[in-house]
Structure formats: structure tokens, C-alpha cells
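Note sheet for the following structure.
The values are calculated or read from the model by the stated rules, or taken from the named source; none is laboratory data. Treat the numbers as computed from the prediction; the structure is a model and nothing was measured. Cβ placement follows ideal geometry from the backbone for every residue including glycine, while neighbour counts extend to all protein chains displayed.
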């Protein structure tokens, strides 16, 4: 009976951690893509975004139930013949479940601090002729959190003549200021779509 309880708690803890990680895939992938230098896969798991609220709910339910099993009063049994010096296994402890819970919460909260993992991509350049400065707003679909902004800015800033690139998950757009004698709208759009996100509209400001 004890082994079954241990296995049940292990599975619940493992399931809670797994659902937390899956729920964060769409936000973790852009970070890993930028670190690995493979920005084209940044939006690989963006299709998971609509399921994220359900995965978060499942994670909280599973971990909550695991804590209920861990903390509920134990039934008294006749232990006259039991070994009294046997210590509970670490995997049965509150500490183990606490570690799993903290890690799961960190995964779920990842979108709120993911920007800390990205280097600053803004750059400054001298524009000889201000008449060549152009600003275009690109509507971008597929971004699932603030972590999606950095790969877009990173790719756009690789182009010559980029003065400033500001991708926004909240606004679903990327505003680019550039020298149109050195690059153009089509090249910027290609840089954005190279990250896996989709440009749905363009508007000059």
C-alpha cells in the first residue's frame, strides 16, 4: 500500500511539472532559439498558446491534489512489528514536493521575466541624410509572450541601415525605423518572417 502511495505521489509531481513545462514551451522556445542562434524556430510552439490557460489550470490542480495527499492526516495502523527507525524516502517528503512546486511555478511565470535572458539588441548609427529615414509598422501574428519580441528585434537589427526596431507582444506589431537607402520594407519583412512569425499588414508612419 505504501509503495502505491509513493508511486501515486511521484506520478502527480511528475505530471504537474510536465504540464508546467509544456505550458511554457511557447515562451521558452524563443529564448533557446536566440541563445542557440536559430531564430527561425522561435515560433515553433506558438500553436500551444491557446491551450496555455488549460495547462496552467491542470498544473495547479495536479500539484494541489499532490499536496492534499501529502498533508492529509495519515491513518493510524498497528505498527507493533514495524521498524521504527526507517526514515521516509526523500521523494515522499514535503521538501521534494516543494522543490517540484517551486520549479513548476517558475516555469508558469517564465513569460513575466523571460526578457532578462535577452541581450540588448538596439544599436545606434549615424544617418547621413535624414530624408532617407523611414518608419514602418508591421503587424505581426504568432507572438505568444514578451519573450517573442527579442528574436524579431535580433533578426531585424542584423540588416544594414536599421536605426531602431521595437517588437511588441502587447500590440502585436513591430515598429522599425531605418535608412531606406541601405535596406527596404521587403527585407525587413523577410527578417521578421525568418523567425517564424507572420507579417499580416504594413503601415508607414
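Assorted remarks:
- In region 126-145, the residues that are outside any loop (DSSP other than H, G, I, E, B) and in contact (Cβ under 8 Å) with a residue 40 or more places away in the chain: 132, 133, 134, 135, 136, 137, 138, 139, 140, 141
- Set side by side, the residues 121, 144 differ, and just one is surrounded by 14 or more Cβ atoms within 10 Å (Cβ to Cβ), modelled with pLDDT under 80 and touching a helix residue (DSSP H, G or I) at 6+ places or on another chain (Cβ under 7 Å), which is 121.
- Index of the failed condition, residue 60 passing every other in (1) touching a strand residue (DSSP E or B) at 6+ places or on another chain (Cβ under 9 Å); (2) modelled with pLDDT of 70 or more: (1)
- Each residue in region 184-198 was checked for being assigned to a helix (DSSP H, G or I) and over 21 Å from the mean Cα position of the chain (by Cα), and 7 of them qualify.
- Within region 147-160, tally of residues that are at pLDDT below 90 and over 23 Å from the mean Cα position of the chain (by Cα): 1
- Condition broken by residue 131, with the remaining ones in (1) in the same structural domain as residue 178 (by TED's automatic domain parsing); (2) touching a helix residue (DSSP H, G or I) at 6+ places or on another chain (Cβ under 9 Å); (3) at pLDDT 75 or above satisfied: (2)
- Filtering region 16-54 to residues that are over 25 Å from residue 195 (Cα atoms) and either under 10 Å from the mean Cα position of the chain (by Cα) or at pLDDT 80 or above (or both) leaves 18, 19, 54.
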